[in-house]
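Since the structure comes first, as structure tokens, the remarks are kept for the end.
Please treat every number below as a calculation from the coordinates, not as lab data. Treat the numbers as computed from the prediction; the structure is a model and nothing was measured. Note that we place each Cβ from the backbone using ideal geometry, even for glycine, and neighbour counts take in every protein chain shown.
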Amino acid sequence: MIAAKNSKSGALLAIGLVLAGSTAWAEDYDAKLVIRDHKFEPVELTVPAGQKIKLLVDNQDATPEEFESNELNREKIVTGKGTITVFLGPLDAGRYPFFGDFHQETAQGVLIVK
Amino acid sequence: MLGTGLLVFREVLEAALIVSIVCAATRGVRGRGLWVGSGIGAGTLGAIVVAFFASAIAAAVSGIGQELFNATILLAAVAMIGWHAIWMASHGRELAMEMKGVGSAVQAGSRPLSALLIVVAIAVLREGSEVVLFLYGQAASGASVVEIAGGIAFGIVCGVAVGFLLYFGLLRIPMRHFFSATNWLMLLLAAGLASQAARFLIQADVLPALGNRIWDSSAILSDHSLIGQALHTLIGYDARPAGMQLLFYAVTACAIALGMKLWGHAQGPSTRSSAA
């Protein structure tokens, strides 16, 4: 059973390598989010498709937050008054919701990739 | 209070599941409570220290300190689990026989229990530091003591309860297969932790993703659902894994399995050597 699992992973990995190989290296696209009063600004952030994104998250609140997204498969803590950088993509066009794990009622946003 | 409790629960759950597997794997070992307890204690202290230095860690190594720190301790845990699993593969049979024969505690002997103490400590430290930061934020935004204490109590009680459920479930595995079952569980746990380490290194742009999203099974089982999260911890389930994560997963699983085969046979049944 384990062997089957591994060979499956291996096949998927091979597909992964092909996908990675087809993506041309390009300059990182800089994007920025601000957290204020446990909300993201802007709520909708638009970035280009097919390009690696360097996302800066600036937490202007005094309390810590965790930038998290299931769709983007990312999670990173931002301390109070701190900033973090998160690398994303290159992404396909679509909508990628993200949220602040510590204040999920208010801290919700979407990354729009075009 | 429910929101606070749920967040604490999610973090406690991950650590509790890992502690449960370690407890099952150390079944019958004299003094293992002390080892596991020390791991939890060390992890809790570590969580507070890490939370306190969160800003410094995040700012280190030009902003990727948090990812490097997480990846490093995850890979340390992987190494510890691998070492223990390979040791068990070469001694597990004797342990099972001894336990069946004597029906009581087995001496730890040269068993690397310190490796498992480190695994427990790392699990508690990782999840605990998030809890500490979250609760600090709650307290700073004026949440009441009752709300915070209630949330902690709810989260810990529920998380530990699920851990106990897993532990007693594992104990139902017949003794004949018990140590090989827990050893395979440890192998999958290690592979999953390695995949998480890869994800942090991708996030920090240290490693290429090798494909951002090899598949998307979130419609079937979301990472954020209770079962998805439990499987994420136990076997490294990821609804949207990157290629590099799968590579780390496969390499770790194969390396530990190979080690178990090699050393398991080297020290294994005497029939083999007498036949030769």
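Taking the numbered list (1) of a type in the set (S, T, N, Q); (2) within 7 Å of chain A (Cβ to nearest Cβ); (3) surrounded by fewer than 24 Cβ atoms within 10 Å (Cβ to Cβ) in turn, residue B:225 passes all entries but (2). Looking at segment B:184-192, can you tell me whether even one residue there is surrounded by fewer than 17 Cβ atoms within 10 Å (Cβ to Cβ) and within 12 Å of chain A (Cβ to nearest Cβ)? No - not one qualifying residue is present in segment B:184-192. Note on segment A:31-62: residues that are within 13 Å of chain B (Cβ to nearest Cβ) and in contact with a Lys or Arg (Cβ under 9 Å, 6 or more places away or on another chain) amount to 8. Exactly one residue among B:184, B:215 is among the aromatic types (Phe, Trp, Tyr) and outside any helix (DSSP H, G or I), and that residue is B:215.
As a summary of the residue check, residue B:170 satisfies the conditions (1) within 14 Å of another protein chain (Cβ to nearest Cβ); (2) in contact (Cβ under 8 Å) with a residue 40 or more places away in the chain except for the one numbered (1).
Residue pairs whose Cβ atoms lie under 7 Å apart, sitting 6 or more positions apart in sequence or on different chains, and linking a residue in segment B:237-254 that is more than 8 Å from every other protein chain (Cβ to nearest Cβ) to a partner that is acidic (Asp, Glu), are B:245/B:238.
The set of residues from segment B:52-69 being closer than 26 Å to residue B:231 by Cα and buried (at least 19 other Cβ atoms within 10 Å of the Cβ) comprises B:66, B:67, B:69. Which one of B:206, B:162, B:146 is part of a helix (DSSP H, G or I) and over 21 Å from the mean Cα position of the chain (by Cα)? Selected residue: B:146, the only one of B:206, B:162, B:146 that is part of a helix (DSSP H, G or I) and over 21 Å from the mean Cα position of the chain (by Cα).
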